[in-house]
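The values are calculated or read from the model by the stated rules, or taken from the named source; none is laboratory data. All of these numbers come straight from a predicted model, not from anything done at the bench. For neighbour counting, all protein chains shown are included, and Cβ atoms are generated from backbone atoms with ideal geometry for every residue, glycine included. Remember, those area values only see protein heavy atoms, side chains included, never the ligands or the DNA or RNA. Shrake-Rupley method; radii C 1.70, N 1.55, O 1.52, S 1.80 Å.
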Amino acid sequence: MKTRKLAAAIAATTALGLAATACGGGGSSNKGGGGGGNGDAKADAAMSSIVNETNKKGGTVTLEHSSGPDSLDPGNTYYGWVQNFSRLYGRTLVTFKPAAGKDSLTVVPDLATSLGKASPDAKTWTYTLRKGVKFQDGTEITSKDVKYAIERSNFAPDALSNGPTYFKAYLEGGDKYKGPYKDKSPGGLKSIETPDDQTIIFHLNKPFADMDYLATFSQTAPVPQKADTGADYVKKIVSSGPYKFSSYSESRGATLVRNEQWDAKSDPIRKALPDKIDLKLNVNATTIDEHLIGDTITADAGGTGLQSKTQPKVVTKVQEKAKTDDPYAGATQYLALNVNVKPFDNADCRKAVQYAVDKAGMVDATGGKLKGEAASTLIPPSVAGYKKFDLYQTPGNKGDAAKAKDALKKCGKPNGFKTNLSARSDRPDEVTAATQLQESLKKVGIQAEIKTFPADKYFTDFAGSPDYVHKNKIGMMMMAWGADWPSGFGFLDQIVNGSAIKPSGGTNLMELNDKAINAKLAEGIGTLDDTKRNAIWGEIDQMVAENASVVPLFYRKNLLYRPESAANVTVTEAYLGMYDFTLLSSTK
């Protein structure tokens, strides 16, 4: 059984995360009146309640995305919206509760019968699977299917490069295991035990107090080995959830229909009300806004909110503003400075950028206070472990040219330098932010040429590929990051830990591999006392700031819009402040 000390520590961490979230409130419902989907709901209603709540089955939920996913394969994705979306067809060991307000941060059993049971040292974790849960072909799901899913997702970077690397870093022998495609030895990775069809045991190389959070990842959604085709598995994903794929196109999207093998009796968290879910990809971002306002779609799949150009059409009209929610995303927009691209191998050159940036101007350019506020830390205020500090403070957050030029002198570039700056082409506000940044840097002699790339390939082929970055001298990269789970470790590890640097699909864009920071992360996640653990996250954030390879730009907010036909609409704090797709339904 989980020790009381460990249980208390994890519970306290969750409680702190809940207390720190910007969007409080309970889990009350808000039933729309009359025929209007939002009824008498007010602005921000879905941040603390379920708007237009209904138990009526039927209808089609239509989602649109401005580009596409890194992958819809549950074992090959790191995008927050896909983690949210994949819960429709992939059941994980545990998951975040589909609920309103602070309850959405509660971790509950899903494929497992309970939360994980830990050894006293938090190095061994055991989960028991529910009996009778089936894949879409009628085959019963076993612990071996979960084990195989984790092995393929974490240990086969040649085929599946997009997901996080937690399991590889923390499982015993994870650094040597070559994955199921190369290692044909019986039993696979020995540190994942499956003594029977319902039991799975994880043996870790160090204490890991956040294991239940890790078990929410789509990487624990079961995969039948006989159906796995590596990178092509995304074309024929085998469902373990209430919906299965009836069509899929990498460029156009996907359609999900009911999975006849899904049994509501074995799934306490999903209602599965819609008959069909349509996902449309590569739709212009402003066109998505028009479709939302025109009530021809149910939600924006990306969950990043209305574009700055669209906002005035909504916020200036009382009836339209009442259909909006403006939650903090638990995310920070920041600028990554690659320490292996000259001249950013010099800390003073990095500090020059820190002082040159006009953060206030960037916030104004991308939508003002509706879209965020100037940041001084990497961890946002809504994540447990946040520590308030500002090592590169400038008047009004508008930049300090004198300090920037002084840093340029110290790094041997008194007249400035040239570099390349990357941004995602299909995210207009990010390109706007990059353009504003370009102007700020120009004032101190730093010439930044903007290079734009599609979001769905940004990490696999461009900014997340060290080889591409080095060859093309991309010293600066626009980046936004939300917590993998609501703790400092869940936010920091995959963007500042040296172990997260990968040949492709990496998210440590700075290529930061600082021994002291790496060691501090390990110390923090092995600390069972919640107060001490949260303090360590703040220390690490400050260590990263001292390194100067990350320029925090602004803490992000998402101005979401709920059309009249959208039902069971609520913001989930667990998935970056977007709407919860497992609850979402439609009156159409």
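For the range 471-477, the Karplus equation 6.51 cos²θ - 1.76 cosθ + 1.60, evaluated at θ = phi - 60°, returns couplings of 5, 9, 6, 8, x, 10, 9 Hz by residue, with Gly and Pro reported as x. Once the Cα-Cα distance is subtracted from the 0.36 nm per residue extended length, the THR435 to ASP158 segment shows a gain of 96.3 nm.
Per residue, what accessible area does the range 324-393 have, given a 1.4 Å probe and all protein chains present, in Å²? Don't skip to the answer; put the middle values down first.
Numbers: 2180 Å² over 70 residues.
Per-residue accessible area for the range 324-393 comes out at 31 Å².
Just to verify a number: FRET efficiency for LYS471 and LYS57, C-beta to C-beta distance, R0 = 56 Å, to 0.05? Efficiency computed from Cβ-Cβ geometry: 0.60. Model label points for ARG252 and ASP40, set 7 angstrom from Cα along the Cα-to-Cβ axis, are 4.5 nm apart. Solvent-accessible surface of the range 85-186, averaged per residue with a 1.4 angstrom probe and all protein chains in place: 35 square angstrom. Here the accessible area of the chain is 50 percent carbon and sulfur, with a 1.4 angstrom probe and all protein chains present. Close amide H partners of LYS557, meaning residues 5 or more places away or on another chain with modelled amide H under 5 Å apart, are ALA329, GLY372.
Distance check, please: which entries in LYS147/LYS206; LYS276/LYS323; LYS342/LYS405; LYS57/LYS131 exceed 21 angstrom between their Cα atoms? Intermediate results must be reported in sequence, preceding the final value.
Working: LYS147/LYS206 19 Å; LYS276/LYS323 24 Å; LYS342/LYS405 18 Å; LYS57/LYS131 26 Å.
LYS276/LYS323; LYS57/LYS131, as the Cα separations exceed 21 Å there.
With each label modelled as a point 7 angstrom along the Cα→C-beta vector, the GLU546-LYS457 pair spans 4.1 nm.
A simple spin-label model places the labels of LYS442 and ASN282 3.3 nm from each other, with each point 7 Å out along Cα-to-Cβ. Annotation: per residue accessible area for the range 497-588 equals 27 Å², rounded to a whole number [probe 1.4 Å, protein chains only].
Apply 1/(1 + (r/R0)^6) to the Cβ-Cβ distance of LYS226 and THR113, taking R0 = 41 Å, and write down the FRET efficiency to the nearest 0.05.
Values: r = 26 Å, r/R0 = 0.63.
The calculated FRET efficiency here is 0.95.
Peptides 521-527, 256-262 ranked from most to least packed give 521-527, 256-262, packing being the mean of other C-beta atoms within 10 angstrom over each peptide's residues. Database remark: amide H of GLY253 closer than 5 angstrom to the amide H of LEU281 (H placed geometrically; neighbours at sequence offset of 5 or more, or on other chains; Pro and chain starts carry no H).
Which of the peptides 148-158, 450-460, 549-559 is most tightly packed, and how do the rest follow, judged by the mean count of other Cβ atoms within 10 Å per residue? Working shown, then result.
Details: 148-158: 22.8, 450-460: 19.3, 549-559: 24.5.
For the peptides 148-158, 450-460, 549-559, the packing ranking is 549-559, 148-158, 450-460.
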